[in-house]
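The values are calculated or read from the model by the stated rules, or taken from the named source; none is laboratory data. These numbers come from a predicted model, not from an experiment. Neighbour counts are summed over all protein chains in view; Cβ atoms, including those assigned to glycine, are modelled from backbone coordinates with ideal geometry.
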Amino acid sequence: MSESAVIYTPEQPASASGRDPRKGKYEKNKCHKKLRKLVGEALTDFNMLDDGDKVMVCLSGGKDSYTLLDLLLSFQQHAPIDFEIVAVNLDQKQPGFPEHVLPAYLQDLQVPYDIIEQDTYSVVKELTPEGKTTCPVCSRLRRGILYSHAKKIGASKIALGHHLDDVVETLMLNMFYGAKLKAMPAKLLSDDGQNVLIRPLYYCRESLIQRWSDFRQYPIIPCNLCGSQDNLQRQVIKEMLAGWDRSHPGRVDNIGRSINNVTLSHLGDRRHFDFAGLQRDTSRISTLQLD
């Protein structure tokens, strides 16, 4: 099978493999329930959605964005607010890209969608020096195109499929290679103030998303532009986190939670805490002496 081939196996009844179908259904419902709980918490904690929103869901063809779309469609049916969903895929004209897969999938779901066709693949290859990763150039180009399309269709929110592992990996990358204490926010206003990005999978571990993807048997489309690179710093971090999951279960989850539990006075950034202005409370000292 070539790297560009679509990985797709129709979902089979659990009984076909000799397993109790009731157990398979129970496990699937349990996985979906946990995902819904975590996504619901993220949507609420960060006030990601408002009544009347038009949400542009960025669909890449990977397990994360498929799961994102699934969960938002579920919340669209049951949430106490009304919001619109438009799935958007950027066809970057990678060689062998199966153009029929996403339209067929979205038509089956009866989800409104747009396919943006723009040859960023050639631009990225031309602008990326030999031996360097394509991600920086590719992400900038994709971001600009998606921002423009969101404005064109009047989207009030742009939903991305980043999950907790992505957040922790970004934190580690910035610490190890950029000397910055910086991760991915659950909700972000673009630099021009025109786009609000949301990450509803912010609390979800990748392993949980993978389980749901296995249950759903999504028609996964591999990315040949970045997925085949062997010099990605993010991949090194990913392997490190996988090792922690095996040897120290819960560590990655705790790192993820720590991002939402920051004590600025116990860090060292003078731009965000007035260390220079710290003084003793002499009035309190005087009171204590009198007592």
Which pairs have Cβ atoms under 8 Å, sit 6 or more apart or on different chains, and link a residue in the stretch 108-125 that is charged (D, E, K, R) to one that is loosely packed, with under 15 Cβ neighbours inside 10 Å?
Asp114/Ile153; Glu117/Lys93; Asp119/Lys93
Within the stretch 63-88, restricting attention to residues that are at pLDDT below 95 and not hydrophobic (A, V, I, L, M, F, W, C), which residue is farthest from Ile116 (Cα to Cα)?
Pro80
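Could you grab me the full set of residues in the stretch 76-103 that are assigned to a helix (DSSP H, G or I) and free of Cβ contacts under 8 Å to residues at least 60 places away in the same chain? Let's see the steps before the verdict.
Quick first cut of the stretch 76-103, residues assigned to a helix (DSSP H, G or I) only: 76-78, 101-103.
Across the stretch 76-103, the qualifying residues are Gln76, Gln77, His78, Pro103.
One line per residue, one yes/no per condition, for (1) touching a Phe, Trp or Tyr at 6+ places or on another chain (Cβ under 9 Å); (2) among the basic types (Lys, Arg):
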residue: Lys23; (1), (2): no, yes
residue: Lys28; (1), (2): yes, yes
residue: His32; (1), (2): yes, no
residue: Leu35; (1), (2): yes, no
residue: Val39; (1), (2): yes, no
residue: Lys54; (1), (2): yes, yes
residue: Leu73; (1), (2): no, no
residue: Gln76; (1), (2): yes, no
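Listed here are the residues, each with its yes/no results for (1) part of a helix (DSSP H, G or I); (2) within 17 Å of Leu69 (Cβ to Cβ); (3) at pLDDT 95 or above.
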| residue | (1), (2), (3) |
| --- | --- |
| Ile158 | no, yes, yes |
| Val168 | yes, no, yes |
| Leu171 | yes, no, yes |
| Asp191 | no, no, no |
| Leu197 | no, yes, yes |
| Ile209 | yes, yes, yes |
| Asp214 | yes, yes, yes |
| Asn224 | no, no, no |
| Ser228 | no, no, no |
Note on the stretch 65-116: residues in contact with a strand residue (DSSP E or B) (Cβ under 8 Å, 6 or more places away or on another chain) and of a type in the set (Val, Ile, Thr) are Ile85, Val86, Val88, Val111, Ile115, Ile116
Inter-residue pairs, beta-carbon under 7 Å, first within 22 Å of Arg199 (Cα to Cα) and at pLDDT 95 or above and in the stretch 17-38, second basic (Lys, Arg) and surrounded by 11 or more Cβ atoms within 10 Å (Cβ to Cβ), 6+ apart:
Cys31/Arg211
Here is a list of conditions, (1) touching a helix residue (DSSP H, G or I) at 6+ places or on another chain (Cβ under 7 Å); (2) of a type outside the set (Gly, Ala, Ser); (3) closer than 17 Å to Val55 by Cα, and Lys187 meets all of them except one; can you say which number that is?
(1)
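Here is a yes/no grid of residues against (1) without any contact (Cβ under 8 Å) to a residue 12 or more places away in the chain; (2) exposed (fewer than 14 other Cβ atoms within 10 Å of the Cβ); (3) closer than 23 Å to Val57 by Cβ; (4) among the charged types (D, E, K, R):
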position	(1), (2), (3), (4)
Ser156	no, no, yes, no
His162	no, no, yes, no
Val167	no, no, yes, no
Thr170	no, no, yes, no
Asp191	yes, yes, yes, yes
Ile220	no, no, yes, no
Gln233	no, no, no, no
Leu241	no, no, no, no
